[in-house]
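**Student:** I have a structure here, written as structure tokens, and I will follow up with some questions on it.
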Amino acid sequence: MGTFLFQLFSREHPAFVHVPLGLVVCLPIMLVATYRSRYPQTWRRMAFRVALLALAASVLTMASGLYWARMLNLVPPGAILPQVASEGQALQRTLRSHEISAAVGFVIGIISLLILRKSYHEPEKWTWTTASFAAVLLWAGVWGFGSKLGGIMVFGDAETNKAAAAAINAKKNDAEAELPIRALDYASLEPAQTAPFKSHAHGDRLARTWVTASGIDDFTAGKPLPVGSYAVLSTALDAKGTPGPLYMREVKADGSQAFAFYWPRVPEASRAETGGEDYVYWRSPHKSLATCLACHTTTGPANRP
Ligand code: HEC
């Protein structure tokens with residue numbers, strides 16, 4: 001029950017931050033009132049209490065933010081800051097700055113509290129009041145910056161939203177992002193042999209080659225595949241016809257080669273080839289396909305091993 005309530009509370013972190021933030025924003029106004037009022041001590045005492053309340057509320061807010069970030073797997077369990085593996089991880093980078101500004105603001109808050117106390121105990125020295133005014137302004141500024149970053153993480157800004165939309169669009173236009181659709185439809189292509197052959201180059205499996213109509217003549221003549229055409233090698237693991245991996249090689253519009261390797265059901269005994277995976281779909285530029293280039297150096301026939 002306790003954890004459940006805390007989870008609920010943590011998810012509302014973007015709402016709760018407004019409590020300490022709202023309190024800190026009051027402080028400069030209260031200190032201006034200190035100068036203008038006939039009862040400056042009352043304002044100083046009130047400012048001290050509001051600052052104390054803001055600090056206390058911020059402890060809860062920071063705890064909820066950290067807990068939330070861990071729930072979302074943005075911060076590893078037991079850690080405080082996110083791991084930023086590369087500068088491309090915009091969310092992690094923003095979160096790191098967000099957390100640092102929250103912590104820096106907290107320290108400035110403690111200093112502000114001490115100065116406020118001093119200004120109350122030495123009311124004749126107005127420099128303390130001025131110093132406290134400057135401190136709380138800085139405090140509000142640092143937390144304001146931090147919450148701006150928080151807002152970007154929750155709602156996005158023009159830049160992150162544009163990047164996210166572009167990524168979704170790219171995926172939508174990339175019909176083969178999840179499955180090698182053209183390779184799977186190899187039976188619609190021109191068969192290059194009438195019977196399977198044992199392909200020593202591809203794991204000694206039984207194989208057949210299928211080539212697009214646009215490339216079959218060049219392929220059988222031993223010439224390079226033309227731009228836009230592709231070849232698929234369908235394989236079987238045994239004479240019973242147990243399906244093996246599908247290999248694909250295509251020549252893209254710019255004349256470069258792209259490879260694909262699709263093995264939806266890797267038998268236990270073959271998993272050493274796939275790094276232990278029981279399902280693989282690799283597409284260029286996946287690093288595991290670098291081995292293809294060892295033999296397929298050109299768009300023409302491959303070098304025999
Ligand atoms: C050891 C050399 C070698 C490696 C590595 C290799 N191939 Fe091949 N590949 C060949 C040869 C040789 C042929 C011709 C058929 C045969 O003998 O198996 C061929 C044929 C093919 C074909 C059908 C015909 C053609 O020319 O396109 C495809 C598709 C293909 N390979 C894809 C791949 C992919 C994808 C990889 C990487 C996962 C790969 N190959 C790795 C040597 C290799």
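The values are calculated or read from the model by the stated rules, or taken from the named source; none is laboratory data. On a predicted model such as this, the values are computed, not experimentally measured, just so you know. Here Cβ is always computed from backbone atoms with ideal geometry, including for glycine, and neighbour counts include all displayed protein chains.
**Student:** Kindly indicate whether residue 170 is of a type in the set (A, V, I, L, M, F, W, C), loosely packed, with under 12 Cβ neighbours inside 10 Å and within 21 Å of residue 301 (Cα to Cα). Step through it out loud before you land on a result.
**Tutor:** Details: of a type in the set (A, V, I, L, M, F, W, C): yes; loosely packed, with under 12 Cβ neighbours inside 10 Å: yes; within 21 Å of residue 301 (Cα to Cα): no.
Considered against the rule, which asks whether it is of a type in the set (A, V, I, L, M, F, W, C), loosely packed, with under 12 Cβ neighbours inside 10 Å and within 21 Å of residue 301 (Cα to Cα), residue 170 comes out as no.
**Student:** To continue, here is another question. Taking the condition of being in a loop (DSSP other than H, G, I, E, B) and surrounded by 12 or more Cβ atoms within 10 Å (Cβ to Cβ), how many residues in region 278-297 meet it?
**Tutor:** The total comes to 4.
**Student:** What number of residues within region 253-264 satisfy the criterion of being at pLDDT 95 or above and more than 14 Å from the ligand (Cβ to nearest atom)?
**Tutor:** Going through region 253-264 one residue at a time, the tally reaches 1.
Every residue, every condition in (1) assigned to a helix (DSSP H, G or I); (2) free of Cβ contacts under 8 Å to residues at least 12 places away in the same chain, yes or no:
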residue: 145; (1), (2): yes, no
residue: 166; (1), (2): yes, yes
residue: 172; (1), (2): yes, yes
residue: 177; (1), (2): no, yes
residue: 187; (1), (2): yes, no
residue: 208; (1), (2): no, no
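**Student:** Mind listing just one residue for me: the one in region 265-305 that is in contact with a His (Cβ under 9 Å, 6 or more places away or on another chain) and near the ligand (Cβ under 6 Å from one of its atoms) and, of those, farthest from residue 218 (Cα to Cα)?
**Tutor:** Here the residue is 305.
**Student:** Right, something else. Given the criteria among the aliphatic types (A, V, I, L, M), surrounded by fewer than 19 Cβ atoms within 10 Å (Cβ to Cβ) and under 27 Å from residue 216 (Cα atoms), does residue 253 qualify? Outline the logic, then answer.
**Tutor:** Details: among the aliphatic types (A, V, I, L, M): yes; surrounded by fewer than 19 Cβ atoms within 10 Å (Cβ to Cβ): yes; under 27 Å from residue 216 (Cα atoms): yes.
Taking the combined requirement at face value, the residue satisfies it.
**Student:** Does residue 154 satisfy the criteria of being crowded, with 16+ Cβ neighbours inside 10 Å and β-branched (Val, Ile, Thr)?
**Tutor:** Against the criterion (crowded, with 16+ Cβ neighbours inside 10 Å and β-branched (Val, Ile, Thr)), residue 154 does not qualify.
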